[in-house]
Amino acid sequence: MSGYIPRDRAWHPVPLSPEYKTSVTRAPRFAPLAFDTTLSEETGPAFGHDILGERDNDLIHNFAASGESALGPRIIVHGRLLDQSGRPVPDALIEVWQANAGGRYRHKTEGYLAPLDPNFGGCGRTITDAEGRYRFRTIRPGPYPWPNGPNDWRPAHIHFSVFGRAFAQRLITQMYFEGDPMVPLCPIVRTISDPAAVAQLVAPLDMDAAVPMDALAYRFDIVLRGGRQTLFENRAEGM
Ligand SMILES: [Fe+2]
């Protein structure tokens, strides 16, 4: 086991990044205050593999009608959840959410004109196994425009949430796809100053995990902390 690895604060974007418009109103204007945690924050939740439904990690089918499946390129997204020393983190709840193949979310305030897919809900969950591994089946999401600059588009991405041992230990990040030319154009990605931190959010194509005649695969390992930790959007809120 290695020793304590302090957080590299240059790794994370500064909270106020005017090119990412909503960061202007979201960024804290005052120094953070420290509050004592409550018992419920420290003792819950306790997730077990028994909470999972059979299709919870299969977004191709978990909202689809019987015999139907979601539209779009079928992919597997898999990887490992690791601590700062490269050790696996087992029994962690990982939740994902994403737009459909046309770039549209199933959300009541979604305004993009791309159509909903009646067989795609856009969210799923799983729990890491003893080796820290996780795996989802889904469709590759489409890029979508968003009201930031005059013509800003999000690259294809999947949102990830990782729960730790307590409610306050929740970290949120986004995964991008290898080879997507829109990644470096994204104003949210551009809030990350270190190219190595961006690269760690880009999942490489993994043909070894692809299923012939079924699905391509992408590998996304998540490192919880340490010098090479995954960039988390909400690190300031996490414990
Ligand atoms: Fe998104």
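The values are calculated or read from the model by the stated rules, or taken from the named source; none is laboratory data. Because the structure is a prediction, the values reported are computed rather than measured. As a convention, Cβ positions derive from the backbone with ideal geometry for all residues, glycine included, and neighbour counts pool all protein chains shown. The accessibility values were calculated without ligands, DNA or RNA, using every heavy atom of the protein model including side chains. Shrake-Rupley method; radii C 1.70, N 1.55, O 1.52, S 1.80 Å.
One decimal place: the segment residue 24-residue 5 gains 3.7 nm when fully extended, by the rule 0.36 nm per residue minus the C-alpha distance. For the chain, the 222 nm mean residue ellipticity estimated from helices alone, with every DSSP H stretch of n ≥ 4 adding -39500 (n - 2.57) and the total spread over all residues, rounds to -1000 deg cm²/dmol.
Solvent-accessible area per residue in the range 22-238 equals 53 Å², computed with a 1.4 angstrom probe and all protein chains kept. Run a plain Debye calculation on the chain (Cα atoms as equal point scatterers, no solvent) and give log10 I(q)/I(0) at q = 0.12, 0.15, 0.16 Å⁻¹, rounded to two decimals, same order as the q list. Once normalised to I(0) and log-transformed, intensities are -0.74, -1.18, -1.34.
In order along the range 35-52, the phi-based Karplus estimate (6.51 cos²θ - 1.76 cosθ + 1.60, θ = phi - 60°) of 3J(HN,Hα) comes to 10, 5, 6, 9, 4, 5, 5, 8, 10, x, x, 10, 8, x, 4, 6, 7, 7 Hz; Gly and Pro are listed as x.
Note on the chain: with neighbouring protein chains present and a 1.4 Å probe, carbon and sulfur make up 58 percent of its accessible heavy-atom surface. Computed from phi, the 3J(HN,Hα) profile of the range 62-67 under the Karplus parametrisation 6.51, -1.76, 1.60 (θ = phi - 60°) reads 5, 10, 7, 5, 4, x Hz, with x in place of Gly and Pro.
When peptides 30-40, 122-132, 210-220 are ranked by their average number of other Cβ atoms within 10 Å per residue, the highest-first order is 122-132, 210-220, 30-40. Here the spin labels are modelled as points 7 Å beyond Cα on the Cα-Cβ line, and at residue 34 and residue 148 they lie 3.4 nm apart. Here is the tail figure for the range 96-192: Cα pairs spaced more than 24 Å apart come to 29 percent of all pairs.
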